[in-house]
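Comments concern the structure below.
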Amino acid sequence: MRIHRRTALVPALTLLPALAAAQAPTRTDAEVDRRARDMEARVVAWRRDIHQHPELGNREFRTSKLVAEHLQKLGLEVKTGVAHTGVVGILRGGKPGPVVALRADMDALPVAEEVDLPFKSTVRATYNGQEVGVMHACGHDNHVAILMGVAEILAGMRSQLQGTVKFVFQPAEEGAPAGEEGGAGLMLEEGAFDNPRVDAVFGLHVFPFEVGKVVYRAGGLMASGDTYRVVIRGRQTHGALPWNGIDPITISSQVISNLQSIVSRTVDLTLTPAIVTVGYIRGGVRVNIIPDSVEFGGTIRAFDEATRDSILARFRRIVTATATANGATAEIRMERGTPVTWNDPALTEQMVPSLRRALGASQVEMGRQTTTSEDFSLFQKAAPGLFVFLGITPKGADPATVAPNHSPRFYADEGALVPGMKTLSTLAIDYLAMHAGKPKM
């Protein structure tokens, strides 16, 4: 169980002068704003180019080449081929200080685009043995273009930086192809956060909120994502002679029904939500044959590691006990996926005022948890991190009804690109300034 320290309340009137000063834009904010607006046309062009030429996980060859060449032109130290196609750029500031990482994911999805754009993707590729359309249906094209712009902004302000910035362009956030490794975990294994060691990491993800708005939450923002496959093995028999066999269909239905009690009866939903979903079930070939086995699988989501561990343990007990009680056996294959995307509470509290100051208080909101998952969470295991959502829904459209991420009709308003650049630039600059001169823990 995580226990978070409560901070003492200070009378509101004593905070007003400091709060007003903290939220007044600074000269540095004005420079970041100017540079971001100067970069807008180029960032839009990069985004459209990447959108029109999407690449699946571990196959981001063209995208990584574009990124690496840009970082090299800026004079950064550049390492390519990290976790297959990842790129890491190092910008050393004019003054000594801590190290901050900024991350963008580069991979697209096996989705055929249905949005009628001049730069619509018509790319086809092979994914796990199937021919598929390829689309940036999760908006990673925006992430890459934004971080390329941020790299140029901060390179132009190098003399003012009180530390080092690492630009981490990550492949395979959506998962590596079958039989391959990839993503954030492999980048960490191959030293992306070492030499120099990262002290804090920031990232963003486009999401259906009003265009340009930044949405944050301390603690669990996005869920852990675990998957499972269960095979219930009984004994095959004639459908008219069920007593001569052990019926895995009936037993599987009992197991699936019993699994629903995990969330409804063992998770304190006043504290945290959780999900246990069965996504498919397969068994049998004829109406008059009770089969030998039934297979089903699905996903499990949670917002803190204690709840996650408890659900996984209860899942195994329920499946095994229900099968055994009916004379069957159960084979469980659990794949522990991405952890909870956990925004460090102290870091979040420290950095949100910077976002409000740079973007405007009305453009920064605390949001709800979302049951989607993100392997940025693995970076947060290596260093304190803050991950935020960047709104891309056009003004006047209802975020609740627009096509969501992963839809073939997903659409991102490019009005979010400048706020995205300002968000990551401000987080990097302010974090370095706040922690310059402090001893490393």
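Computed values, structure above
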{"read-out": "Residue match in the range 204-216 (condition: among the small types (Gly, Ala, Ser), modelled with pLDDT of 95 or more and over 22 Å from GLY420 (Cβ atoms))", "value": "no"}
{"read-out": "Looking only at the range 113-147, and only at residues there that are surrounded by 16 or more Cβ atoms within 10 Å (Cβ to Cβ), over 19 Å from the mean Cα position of the chain (by Cα) and among the aliphatic types (A, V, I, L, M), the one that is farthest from HIS84 (Cα to Cα)", "value": "VAL115"}
{"read-out": "Options GLY385, GLY391; residue that is within 19 Å of the chain's Cα centre (by Cα) and either β-branched (Val, Ile, Thr) or more than 25 Å from GLY337 (Cα to Cα) (or both)", "value": "GLY391"}
{"read-out": "In the range 419-441, the residues that are out of contact with any Phe, Trp or Tyr (no Cβ under 9 Å at 6 or more places or on another chain) and crowded, with 20+ Cβ neighbours inside 10 Å", "value": "PRO419, GLY420, MET421, LYS422, SER425, THR426, ILE429, ASP430, LEU432"}
{"read-out": "Members of the range 69-82 that are at negative phi, of a type outside the set (Lys, Arg) and either in contact with an Asp or Glu (Cβ under 8 Å, 6 or more places away or on another chain) or surrounded by fewer than 20 Cβ atoms within 10 Å (Cβ to Cβ) (or both)", "value": "GLU69, HIS70, GLN72, LEU74, GLU77, VAL78, THR80, VAL82"}
{"read-out": "Every residue from the range 271-329 that is small (Gly, Ala, Ser) and within 30 Å of GLY245 (Cα to Cα)", "value": "GLY279, GLY283, GLY284, SER293, GLY297, GLY298, ALA313, ALA321, ALA323, ALA325, GLY327, ALA328"}
{"read-out": "Residues of the range 366-403 that turn out to be hydrophobic (A, V, I, L, M, F, W, C) and within 18 Å of GLU173 (Cβ to Cβ), as a count", "value": "11"}
{"read-out": "Tally of residues being surrounded by 18 or more Cβ atoms within 10 Å (Cβ to Cβ) and either acidic (Asp, Glu) or free of Cβ contacts under 8 Å to residues at least 60 places away in the same chain (or both) across the range 156-203", "value": "3"}
{"read-out": "Selected residue (only one of GLY97, GLY57, GLY81 is over 16 Å from PRO177 (Cβ atoms) and out of contact with any helix residue (DSSP H, G or I) (no Cβ under 6 Å at 6 or more places or on another chain))", "value": "GLY81"}
{"read-out": "Single unsatisfied condition, GLY182 versus (1) in the same structural domain as GLN369 (by TED's automatic domain parsing); (2) in contact with a helix residue (DSSP H, G or I) (Cβ under 7 Å, 6 or more places away or on another chain)", "value": "(2)"}
{"read-out": "Residue match in the range 325-337 (condition: touching a helix residue (DSSP H, G or I) at 6+ places or on another chain (Cβ under 8 Å), under 30 Å from ASP29 (Cα atoms) and either surrounded by fewer than 18 Cβ atoms within 10 Å (Cβ to Cβ) or among the β-branched types (Val, Ile, Thr) (or both))", "value": "no"}
{"read-out": "Sole exception among (1) more than 24 Å from the chain's Cα centre (by Cα); (2) farther than 21 Å from GLY385 by Cβ; (3) outside any loop (DSSP other than H, G, I, E, B) for GLY81, by number", "value": "(1)"}
{"read-out": "Criterion (outside any strand (DSSP E or B), among the polar types (S, T, N, Q) and buried (at least 20 other Cβ atoms within 10 Å of the Cβ)) met by exactly one of THR322, THR270", "value": "THR322"}
{"read-out": "Only listed residue being in a loop (DSSP other than H, G, I, E, B), in contact (Cβ under 8 Å) with a residue 40 or more places away in the chain and under 25 Å from MET157 (Cβ atoms), chosen from GLY97, GLY57, GLY75, GLY89", "value": "GLY75"}
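The values are calculated or read from the model by the stated rules, or taken from the named source; none is laboratory data. Source: prediction; values computed, not measured. Every residue, glycine among them, receives a Cβ derived from its backbone with ideal geometry; neighbour counts consider all protein chains shown.
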